[in-house]
Amino acid sequence: MTNCIFCKIKDGEIPSAKVWENENFFAFLDINPVNPGHTLLIPKKHVDYLFELDDGVYHELFKAAKEVSVPLKRAVGAKRIGVVVEGFLVPHVHIHLIPINGPGELDAKRAGKADPNELTAIAERIKDAF
Ligand code: 5GP
Ligand code: ZN
């Protein structure tokens, strides 16, 4: 889609701290992380709303989330990877994969702008953990 920020990110038109991709999905770090390692996983095909995805893409998306969660959890040493889907800010399906160590940490009010160099360093650690 022409004016979609996440389409531009997966096409490389806007830079991102990429952590993983395959033919149909792309994962990169959120610029306003709730916790270090906060990752966004998107389908490459533009669809607005999670529950409008074709069943095949929907299942593959959650399989991809599981695949990314393992190195992500290892790289940042979190107790769990939490999952959030909202999409009010960016209408391109994305799953927030957020490293968490206790209850309440998924609250978006905890988010803050990250240093781009720090995002690059964390993305490298996650890539190395695959
Ligand atoms: P939601 O649509 O689920 O409410 O939130 C969209 C998320 O995308 C937010 O957490 C926001 O920080 C993130 N975001 C918005 N613009 C960009 C961007 O240009 N790059 C990256 N990496 N993340 C972004
Ligand atoms: Zn898009």
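Please treat every number below as a calculation from the coordinates, not as lab data. Because the structure is predicted, anything quoted here is derived from the model rather than measured. Virtual Cβ from ideal backbone geometry, glycine too; neighbours counted across all protein chains shown.
Tabulated results
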{"item": "DSSP-loop trypsin sites (Lys or Arg not before Pro) across region 46-106, with at most 12 other Cβ within 10 angstrom", "result": "K79"}
{"item": "Cleavage-rule hits, GluC sites (Glu not before Pro), region 63-128, DSSP coil, Cβ neighbours within 10 Å at most 15", "result": "E86"}
{"item": "Radius 15 Å from Cβ of I100, net charge of other residues (Lys, Arg +1; Asp, Glu -1)", "result": "+3"}
{"item": "Separation between Cα centres of region 56-117 and region 1-55, rounded to whole Å", "result": "11"}
{"item": "Size of charge dipole - region 5-129 - debye, nearest 20, with Cβ of Lys, Arg +1 and Asp, Glu -1, no other charges", "result": "440"}
{"item": "Full-stretch length increase - A111, R80 - with 0.36 nm per residue and alpha-carbon distance subtracted", "result": "9.4 nm"}
{"item": "Rg/Rg_ref, region 45-119, where Rg_ref = 2.2 N^0.38 Å and atoms are Cα", "result": "1.21"}
{"item": "Per residue convex hull volume, Cα atoms of the chain, in Å³", "result": "103"}
{"item": "Local electrostatic count, F62, Cβ distance below 14 Å [Lys/Arg +1, Asp/Glu -1]", "result": "-2"}
{"item": "Relative contact order (%) - region 50-117, alpha-carbon pairs under 8 angstrom, separation at least six", "result": "26"}
{"item": "In nm, spacing of pseudo-spin labels at E67 and L50 (7 Å Cα→C-beta vector)", "result": "2.0"}
{"item": "With Cα atoms, 0 to 90° folded angle of helix 55-76 axis to the chain main axis", "result": "20"}
{"item": "Loop-located chymotrypsin sites (Phe, Trp or Tyr not before Pro) in region 1-95, at most 11 other Cβ atoms within 10 Å (DSSP)", "result": "Y49, F88"}
